[in-house]
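Each remark here refers to the structure printed beneath this line.
The values are calculated or read from the model by the stated rules, or taken from the named source; none is laboratory data. Please read these numbers as outputs of a predicted model, since none were measured by experiment. Because the Cβ atoms are built from the backbone with ideal geometry, glycine has one as well, and the counts that use them run over all protein chains shown. Ligands, DNA and RNA are stripped out before the accessible areas are found, and what is left, the full protein with its side chains, is counted by its heavy atoms. Shrake-Rupley method; radii C 1.70, N 1.55, O 1.52, S 1.80 Å.
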Amino acid sequence: MSADLHDLGFLEVAEALTQKRASSEELTMALLARSEELESKLNSLTWFNREAVLAEARAADAARAAGDNRPYLGVPIAIKDLLNVKGQPCTAGSRILKGYVAPYDATVIARLRAAGCVFVSRTNTDEFAMGGSTETSAYGTTRNPWDTDRVPGGSSGGSAAAVAARLAPAALASDTGGSIRQPAAFCGVTGLKPTYGRVSRYGCTAFASSLDQIGPIARSVEDATAVYQVIAGLDPHDSTTAARPVDDCLPNVRAARDLKGLKLGLPKEYFVDGLHPEVEQLTRAAVAQCRALGAEIVDVELPHSKYGIACYYVLAPAEASANLARYDGVRYGFRAEAEDLQEMYEQTRAQGFGAEVKRRVILGTYVLSSGFHDAYYLRAQKVRTLIRRDFDRVFARCDAILGPVTPSPAFRVGEKTADPVQMYLGDIFTANVNLAGICGLSVPCGFTTGGLPAGLHIIGPAFADARILQIGAAYQHATEWHKQQPKI
Ligand code: GLN
C-alpha cells in the first residue's frame, strides 16, 4: 500500500498506524517525497526538514513498538507558519520574522504533541494572515492545486493547498475573517473556524486578538472533528478560552446520517447581486440536499451583515496595529542596519513589513488616533454588537445557518492585487462570523463548469461547534464532493 500512503486522511492514517499496516516513518517519507515533487508547482510550504521530521516519526514508531497506543501517535500534520512549534521556524509569512525560531510550543501544538502527532511541514500564509489569496506572503504566492493559475485563497492558502494536494492528511490554520473557510472552499477541502474561546490562541502569532481563532483544515468533517477534539478546550495561558467542557463529539459526527428535526436558516442577504451564478447554484443544490436529508429550511434575515466588511476592516487593522508594534528589530527576527535606535526601528519596519501589512498598520493607527477613535473604532464596535444580535435573533429559532462561503470561486493570481477593496469584499460572508464570535464550517459542495470547487457554509451559534460538524458530516455521508482530488 505504500505507494498511496499520501492519499490517506487523518483518521485513516491513525487506523493504519494502530493496525500496524504502516509506520509513521513510511507515512512521513511518502509525504515528504510528494512535497518535494509538487512544491515547485504549488509553493504551499515554507519549511520542512527531512531529518528532523523523520527523527520525530521514528521516535513515534519506537514508542508504538514499546506498547504506546495513543490513537494519533505518529500521525503527520502540517502547521500554518503562524503557530509556534518549538525548534521550528515561525515566519508568519513575513520578512520581519525571517530566521526566527519558535522557543516554545503553542498550546494547540502542545496538545497535538501530547497526542503523538508529527509536525511534518509548515504551510504558507499571507503576511501576518492579512489577505485572502496567499499572495502577500514574503515567501511567494501559493497556487491552487485545482488550477495553478489561480490562488488557493487565504490567508491559510498553504494549509488548504497542502491538504488538497495530499502533502499532509490535515493541517492547522487560523481564521480572523475567513482564513480557514475561504481557502478550504477554494481548494475543495473541509475547514472549521471554531467558536471564539473554544481553542487557545496561546502561541499563535497575533493578528486581531478579538477575532483570531485556530482550527483544522482536513479532507472530511470527520477528520476535522478529530483534530478539533485534540486542540479545543480551556487553557490557563489564554484567558479568553471558555471553561466549558469539550464533549467527545466524534462518535456522533461519525454516525450522522440525516438532518431530521433541524431547522436551518437561509439568510436572504447571502444570496445577493454579485454572488457568482455557479456558486449560487451549487449552494442552492447543497441546501436542497440538506432538505432531502430531513432539515426544515426557513428564510431568515441578517440586516446588519451589509456592514460587516466595513466594520471588520476598521476593527481588524486597529487590533493589528497594536499587535504588530512588537516587531521593532529588537526582540524578534530581522533587524535593519542603522546609525541610531530610532532609525533602526524605522528601517526594520520599513524593510521587514510588506505593503499590505503597512496598509493595515497605517489604517489601524488612524482609526485609533485621538481625533478619529470615536468616529471609527467605537462606532465599529457598536456595529459589531448589532451584527452579533442579528445572529442571536436567527439562532433563537434556527439550529444553524446555510449559505455560500465565498462570493466567487478561486480567482486568478494577480487578479485582485491592485485593488485591495476587491480583495476585502471576498470576506463578505465569512467576516461576520468572526465579528459575532460564533462558529463556521466550510464543506465542499461541488464544482463550477471550469472545474473549480465551491464551499457550503454552515454557521452555528457560539459553542455549537459539535452541531455544525454533525450537519457537515451528514451532508458528506450523502455526497462525494469532498472525495474529489485535484490532478496536478
Ligand atoms: N481576508 C481577511 C483579511 O485579510 C481575513 C484574513 C484572516 O482570516 N486571517 O483580513
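Numbers at a glance
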item: Selected residue (only one of A62, A66, A52, A33 is surrounded by fewer than 16 Cβ atoms within 10 Å (Cβ to Cβ) and at pLDDT below 95); result: A52
item: Test: residue in the stretch 58-77 that is under 18 Å from V189 (Cβ atoms) and either part of a loop (DSSP other than H, G, I, E, B) or over 20 Å from the mean Cα position of the chain (by Cα) (or both); result: yes
item: Lone qualifier among G140, G154 - being crowded, with 20+ Cβ neighbours inside 10 Å, assigned to a loop (DSSP other than H, G, I, E, B) and either at pLDDT 95 or above or on the phi < 0 side of the Ramachandran plot (or both); result: G154
item: Those residues of the stretch 112-126 which are closer than 24 Å to G9 by Cα and crowded, with 20+ Cβ neighbours inside 10 Å, in sequence order; result: L112, G116, C117, V118, F119, V120, S121, R122, T123, N124, T125
item: Subset of the stretch 206-229 [open to solvent by less than 30 Å² (accessible area, probe 1.4 Å) and closer than 15 Å to L11 by Cβ]; result: P216, I217, A218, R219, S220, V221, D223, A224, T225, A226, V227, Y228
item: Condition check for I428: under 15 Å from I309 (Cα atoms) and either more than 14 Å from the ligand (Cβ to nearest atom) or surrounded by fewer than 20 Cβ atoms within 10 Å (Cβ to Cβ) (or both); result: no
item: Leading residue by the ranking (farthest from the chain's Cα centre (by Cα)) among those in the stretch 326-348 that are in contact (Cβ under 8 Å) with a residue 12 or more places away in the chain and open to solvent by less than 60 Å² (accessible area, probe 1.4 Å); result: M344
item: In the stretch 253-272, the residues that are open to solvent by 10 Å² or more (accessible area, probe 1.4 Å), within 30 Å of E301 (Cα to Cα) and not hydrophobic (A, V, I, L, M, F, W, C); result: R257, D258, K260, G261, K263, K268, E269
item: All helices (runs of 4 or more DSSP H) inside the stretch 241-331 with 2 or more residues being closer than 30 Å to G364 by Cα; result: 308-323
